[in-house]
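The values are calculated or read from the model by the stated rules, or taken from the named source; none is laboratory data. The shown structure was predicted, so the numbers you read here are calculated from the model rather than taken from an experiment. Neighbour counts are summed over all protein chains in view; Cβ atoms, including those assigned to glycine, are modelled from backbone coordinates with ideal geometry.
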Amino acid sequence: MNAAVTLPADATPSAPALVLRPWCVEDVAALVEVCQDSALRHWTSTPVENHADGTRWVQAQQRGWAAGDRFGFALIETQPDTGHEQLAGNVVLKEVASGKPSAEVGYWTAAHARGRGVAPRALEVLTSWAFDTFGADGLERLELLHQEDNLASCRVAQKSGYEFARVLPAAPPSFPLDGHLHIRHTDS
């Protein structure tokens with residue numbers, strides 16, 4: 001898979017345009033800064049405390065692209081009139097395999113980007129790309145998992161057309177509480 005994939009998401013009245021692109025080492029400083037947010041730390045399983053952690057995290061994203069089974073995208077807010085860019089979050093397509101009918105999506109947003117429709121827009125772009133890119137190879141369904149108490153993620157899933165399927169039992173340590181499974185099919 002070409003790691004030079006970039007995907008646009010148009011601006012809205014409340015948020016600038018987004019560019020979804022693979023993570024690069026130049027993103028490490030912004031990643032470390034964004035990951036200092038306590039809410040983000042609560043919901044993510046891989047803490048990024050410092051530059052070394054950020055570098056390892058970005059390298060893991062790059063290895064996923066190279067292996068062709070995990071496609072992590074940095075969400076970059078862009079303001080063409082000023083040339084200003086800012087890291088707004090992450091979306092990922094994971095557990096992709098030839099002939100496998102399902103894969104998983106995930107996301108997180110920076111504190112400054114929450115409540116402005118960034119996650120649903122990015123997830124919609126990722127979903128379309130996933131089905132367009134891997135549908136001919138058997139991808140029929142995308143799964144989104146979140147802890148049961150993460151109400152914001154539940155709203156993002158619903159806004160993005162991922163229907164609630166069932167409650168998942170807790171699986172500590174990475175999933176310490178019961179969760180929700182949301183599903184979106186290629187034809188929805």
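Tell me which residues, restricted to the stretch 1-36, are more than 29 Å from Asp137 (Cβ to Cβ), in a loop (DSSP other than H, G, I, E, B) and in contact with a strand residue (DSSP E or B) (Cβ under 8 Å, 6 or more places away or on another chain). Passing the criteria: Ala11, Pro16. Among the numbered conditions (1) surrounded by 15 or more Cβ atoms within 10 Å (Cβ to Cβ); (2) closer than 19 Å to Ser160 by Cβ, the only one that Val34 does not meet is (2). Listed by first and then second residue, the pairs linking a residue in the stretch 148-163 that is of a type in the set (Val, Ile, Thr) to a residue that is surrounded by 15 or more Cβ atoms within 10 Å (Cβ to Cβ), with Cβ atoms under 6 Å apart and 6 or more places separating them unless they lie on different chains, are Val156/Ala119; Val156/Pro120. Criterion applied to Gln62, Gln79 was being among the polar types (S, T, N, Q) and under 30 Å from Ala136 (Cα atoms), and the one residue passing it is Gln62. Taking the stretch 37-56 as the region of interest, how many residues are out of contact with any strand residue (DSSP E or B) (no Cβ under 8 Å at 6 or more places or on another chain), surrounded by 11 or more Cβ atoms within 10 Å (Cβ to Cβ) and closer than 17 Å to His112 by Cβ? The qualifying residues number 4. Might you check whether a residue that is touching a strand residue (DSSP E or B) at 6+ places or on another chain (Cβ under 8 Å), crowded, with 20+ Cβ neighbours inside 10 Å, at pLDDT below 95 and under 24 Å from Ala88 (Cβ atoms) occurs anywhere in the stretch 159-169? Yes; the residues of the stretch 159-169 include at least one that is touching a strand residue (DSSP E or B) at 6+ places or on another chain (Cβ under 8 Å), crowded, with 20+ Cβ neighbours inside 10 Å, at pLDDT below 95 and under 24 Å from Ala88 (Cβ atoms). Residues that are at pLDDT below 85 and charged (D, E, K, R) within the stretch 170-188 comprise just one, Asp187.
Scan the stretch 42-61 for residues that are part of a helix (DSSP H, G or I) and over 15 Å from the mean Cα position of the chain (by Cα) and the total you get is 8. Reported count of residues in the stretch 86-138, each being within 17 Å of Ser153 (Cα to Cα) and either in contact with a Leu (Cβ under 9 Å, 6 or more places away or on another chain) or in a strand (DSSP E or B) (or both), is 23. Selection of the stretch 62-85 for residues being of a type in the set (A, V, I, L, M, F, W, C) and in a strand (DSSP E or B) yields Phe71, Phe73, Ala74, Leu75, Ile76. Taken over the stretch 139-158, the criterion of being at pLDDT below 95, out of contact with any His (no Cβ under 6 Å at 6 or more places or on another chain) and within 18 Å of Glu95 (Cα to Cα) is satisfied by Leu145 alone.
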